[in-house]
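Read the figures in this text as sums done on the coordinates, not as results from a lab. All values derive from a computational prediction rather than experimental measurement. Cβ atoms come from the backbone with ideal geometry, glycine included; neighbour counts cover every protein chain shown.
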Amino acid sequence: MNKRSEPRPAAKAPPMPPAPAAFADEIDGYLSHLELERGLSRHTAKSYESDLKQAAHFLQRHGAANWKRVTAKQLTAWLHWLSDQDFSAASQARKLSAVRMLCRHLLRERLRDDDPTELLAGPKLRRKLPQTLSPGEMQKLLAGPTGADAYAIRDRAMLELVYSSGLRASEICGLTLQQVDLEHGFVRVFGKGSKERVVPLGDKARAAVQAYLGSGRPRLVKPKTGSELFITERGKAMSRKTLWVMVKSAAARAGIEKPVKPHLLRHSFATHLLGGGADLRAIQEMLGHASIGTTQIYTAVESTRLLDQHAKHHPRNRSGK
């Protein structure tokens, strides 16, 4: 594949000043709890830290002595300030969640005898419908990688496999030879939380993966290659970034103007299955969603598509009729 220049990184926001001294101990204690007892990464803990510091500075300016004495009225003023500062609804909800969890932690540790966030209402979030490709666009994308070289054979197999199974990018890149059963037509996947699920493969995907195993992968194997299914020219496991570049390149060759990413294929997989009459619970199982509520978003996508089709093609919706 052609090497692409790396995009210039966005300018970094100025660092958040240290938390007010009266608020710092509770923040540090809570972050330690997140990392040591709940196993959250340092990166995730840092995002909480930034939101808590920001809230602490506002609360101190508005009369709060420390986290133990923060009132619901002061937190309500803070929420109004966030809205006035034009923070998105998602950002406001995230910041409130950080403060809410800190206050609950203080309650559990008996550093407070009440939860001042208990009656606070966060902003209403409008769930954004996932974008998808139409079946026609999907066919064009699958036909994007052409040629008989090892990379084209591999890329065709990856695209067919993603669309046939709805796997996440990390799951595709992490697949091993042992997880793929072409004889019976399924892959065994270890998704979020190391939960195992079995996902069926369609005939086109099985044929594409079989072709890759027969004449594509052997040409990419190096002495230190492991059991990863999809590998690069160096014989190493495919990375999510390389997968993203491949999908984007295939979309460009197919003339698709939408911003196509690997997750868009997952959304298309689910939407097309639902449109074809598949049971929502079956789609939930294949996608590896813990809650059926997460999968139900695709019913809204399908309803929107049907409304669009009705508006475009029903004779009583056309101008002049």
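Can you list the HN-Hα couplings for the stretch 109-124, worked out from phi with the Karplus curve (6.51, -1.76, 1.60; θ = phi - 60°), rounded to whole Hz and with x for Gly and Pro?
After applying 6.51 cos²θ - 1.76 cosθ + 1.60, I find 7, 6, 8, 9, 10, 8, 10, x, 8, 4, 9, 6, 10, x, x, 6 Hz.
Efficiency by 1/(1 + (r/R0)^6): what FRET value for residue 204 and residue 76, r their Cβ-Cβ distance, R0 = 51 Å, to the nearest 0.05?
Values: r = 56 Å, r/R0 = 1.10.
That gives a FRET efficiency of 0.35.
Between residue 291 and residue 104, what's the calculated FRET efficiency when r is the beta-carbon distance and R0 is 22 Å? Round to 0.05.
Here the calculated transfer efficiency is 0.50.
Which label marks the calculated value of Rg and Dmax of the Cα atoms in Å, given the options (i) 19.2, 58; (ii) 24.9, 71; (iii) 24.3, 82?
Matching the structure shown: (ii).
I want the local charge near residue 226. Using Cβ-Cβ distances under 14 Å, sum +1 for each Lys or Arg and -1 for each Asp or Glu among the other residues.
Once all neighbours under 14 Å are counted, the net charge is +4.
Based on the Cα coordinates of the stretch 135-312, what is the per residue volume of their convex hull in Å³?
Measuring per residue, one finds 118 Å³ for the Cα hull of the stretch 135-312.
Could you check the spin-label model distance between residue 278 and residue 62? Points 7 Å from the Cα along Cα→Cβ, value in nm.
Going by the 7 Å Cα→Cβ label model, 4.7 nm.
Can you tell which of 214, 72, 254 lies farthest toward the positive end of the dipole of the chain, using +1 and -1 charges on the Cβ of basic and acidic side chains (Lys, Arg; Asp, Glu)?
Projecting each Cα onto the dipole axis, the largest value belongs to 254.
Over the stretch 21-108, what relative contact order in percent results from Cα pairs under 8 Å that are six or more residues apart?
Value for the stretch 21-108: 33 percent.
Please state the relative contact order of the chain as a whole percent: Cα pairs under 8 Å, 6+ residues apart?
It comes to 15 percent, rounded to a whole number.
Given a 10 angstrom Cα cut-off, can you work out which residue in 260, 247, 70 is the most mobile in a GNM of the chain?
Fluctuation is largest for 70.
So if the hydrodynamic radius of the stretch 136-183 is defined as the Kirkwood radius over C-alpha pairs, what does Stokes-Einstein give as its diffusion coefficient at 10 °C and 1.306 mPa s, in µm² per second?
Approximately 135 µm²/s, per Stokes-Einstein.
Net charge around residue 33, counting only other residues with Cβ within less than 13 Å of its Cβ (Lys, Arg = +1; Asp, Glu = -1)?
Net local charge, residue 33 excluded: -4.
If you stretched the chain out fully between residue 118 and residue 28, how much longer would it get, using 0.36 nm times the residue separation minus the C-alpha to C-alpha distance?
Result for the pair: 30.2 nm of gain on full extension.
Between 166, 214, 63, which gets the highest mean-square fluctuation from a Gaussian network model of the chain, Cα cutoff 10 Å?
For the chain, modelled as a Gaussian network with Cα springs under 10 Å, the answer is 63.
Please give the net charge around residue 148, taking every other residue with its beta carbon less than 13 angstrom from that of residue 148, where Lys and Arg add +1 and Asp and Glu add -1.
My count for the surroundings of residue 148 gives +1.
Too long at a 23 Å Cα-Cα cut-off: which of 204/248; 192/258; 46/95; 73/95; 195/224?
Checking Cα-Cα distances, 192/258; 195/224 exceed 23 Å.
Only Cα pairs within less than 10 Å get springs; with that Gaussian network setup on the chain, which residue of 144, 288, 277 has the largest fluctuation?
Of the options given, 277 has the highest mean-square fluctuation.
Please give the per residue volume of the convex hull enclosing the alpha carbon atoms of the stretch 21-108, rounded to a whole number of Å³.
In the stretch 21-108, the Cα hull volume divided by residue count equals 90 Å³.
Which value results when the Cα radius of gyration for the stretch 182-224 is divided by 2.2 N^0.38 Å?
1.44
For the chain, what is the calculated [θ] at 222 nm in deg cm²/dmol (nearest 500), taking -39500 (n - 2.57) for each run of four or more DSSP H residues and dividing by its residue count?
-16500 deg cm²/dmol
Using alpha carbons only, how many angstrom separate the centre of the stretch 42-64 from the centre of the stretch 188-214?
Rounded to whole Å, the Cα centres lie 44 Å apart.
In nm, to one decimal, how far is the modelled label at residue 248 from the one at residue 215, with both set 7 Å along Cα→Cβ?
A separation of 3.1 nm, rounded to one decimal place.
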